[in-house]
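Colleague: Before we start, here is the structure in question, set down as structure tokens.
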Amino acid sequence: MFRSDGLPVWADRHELTADVAAHDHDFLEISLVTQGRALHIAADGDHPIRPGSAVVIPPNQWHAYGECEDLMVFDCFVAPELVHSTLSFLDAELPLMSAMHTSTLPLPQRVQLSPGELSAAIAELYSMSDTTAARRSRVQIVGHLLIYLDVLNRSWVADDSVRRRPRAPLHPAVSRAAKAMEDEPGHSWTLAELAALASTERTYLVRLFQRDLGVPPIAYLNRLREQVAARLLVQTDQPVARIGTQLGWEDAGYFARRFKAAYGLTPSAYRRRALEGQGWDHAPAAAESGSP
């Protein structure tokens, strides 16, 4: 997806005349709709997109397009090394970027631009895709990318008043426990084990998780497992039962029930619809149960 000049940013227009099956990339992708309509399909369900719709897709997160009608997408691709090194400061500056790093499995972020914002965004994308210059400047290209991200961020923040409130940093105990679960989602974590790892008392850890993440620790683990399962179902051909087992759900029936409660589909149906580029009728509900 990147040109031979070695620069870690590229932008290009694509006309999608047919549905696009589920796929993923190891780079950050930002898709801006300039014409037509479709459904953007990802782990959190299917969402209508139209001119002005922008979708920020984190690296290694699958997505697809369905019901494409005269769809024109202006894509921007950003190499992961640029995001993690040169642009690492953006997490502190742009809530849109920090929202993608709240867990090891961030979901796409969606923005709807006004006509004026859409024009401004397209101008920056054309600058990033300009091939008339003999040599594209890394500084200039990254500058255009920063302006583009700022346009998207301003619209994203204004879209929801809750997003205007700065997100407080996680309590160290929450960070330690959450990272442990994210590193080993298949481990049979107990509240006592997590509290000991975080050097705090169990009841207090539950209160901290509720305050900082909105769910207790075991519910966070269940949500994490469901997200990992969704990713493995789409990105691998592992048997469904094996996916459940490696995530700590030895009983295939229990795994299927938990997954359906979260995504509205059995694991097999979810895999089939994703790989066929189809959508589903609702966004998945977050699992709040404390049962692992």
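Read the figures in this text as sums done on the coordinates, not as results from a lab. Quick caveat, the model's predicted, so the values are computed rather than measured. Reconstructed Cβ throughout: ideal geometry from the backbone, glycine too, with neighbour counts over all protein chains shown.
Colleague: State, to one decimal in nm, how far the label point of residue 119 lies from the label point of residue 13, with both points 7 Å from Cα in the Cβ direction.
Modeller: 1.7
Colleague: Using the Karplus equation 6.51 cos²θ - 1.76 cosθ + 1.60 (θ = phi - 60°), what ³J(HN,Hα) coupling, rounded to whole Hz, does each residue of the range 107-114 give in order, writing x for Gly and Pro?
Modeller: Computed from phi, the couplings for the range 107-114 are 9, x, 10, 10, 9, 10, 8, 6 Hz.
Colleague: Still on this model: Report, by chain and number, residues whose modeled amide H sits under 5 Å from the one on residue 61, excluding near sequence neighbours (fewer than 5 apart, same chain).
Modeller: Amide H to amide H, under 5 Å and 5 or more residues apart or across chains, residue 61 pairs with 25.
Colleague: Calculate, in nm to one decimal, what residue 60 and residue 139 gain on full extension: separation in residues at 0.36 nm each, minus their alpha carbon distance.
Modeller: Details: separation 79, 0.36 × 79 = 28.44 nm, distance 2.64 nm.
The span from residue 60 to residue 139 would gain 25.8 nm if fully extended.
Colleague: What list of ³J(HN,Hα) values in whole Hz, one per residue of the range 38-52 in order, does the Karplus curve 6.51 cos²θ - 1.76 cosθ + 1.60 (θ = phi - 60°) give from phi, with Gly and Pro shown as x?
Modeller: Each residue of the range 38-52 in turn: 5, 10, 9, 10, 8, 5, 9, x, 10, 9, x, 10, 8, x, x Hz.
Colleague: Report the label-to-label distance for residue 88 and residue 250 in nanometres (one decimal), using points 7 Å from each Cα along the Cα→Cβ vector.
Modeller: 4.1
Colleague: What spacing in nm lies between the two simple spin-label points modelled at residue 35 and residue 175, each 7 Å away from Cα in the Cβ direction?
Modeller: 4.8
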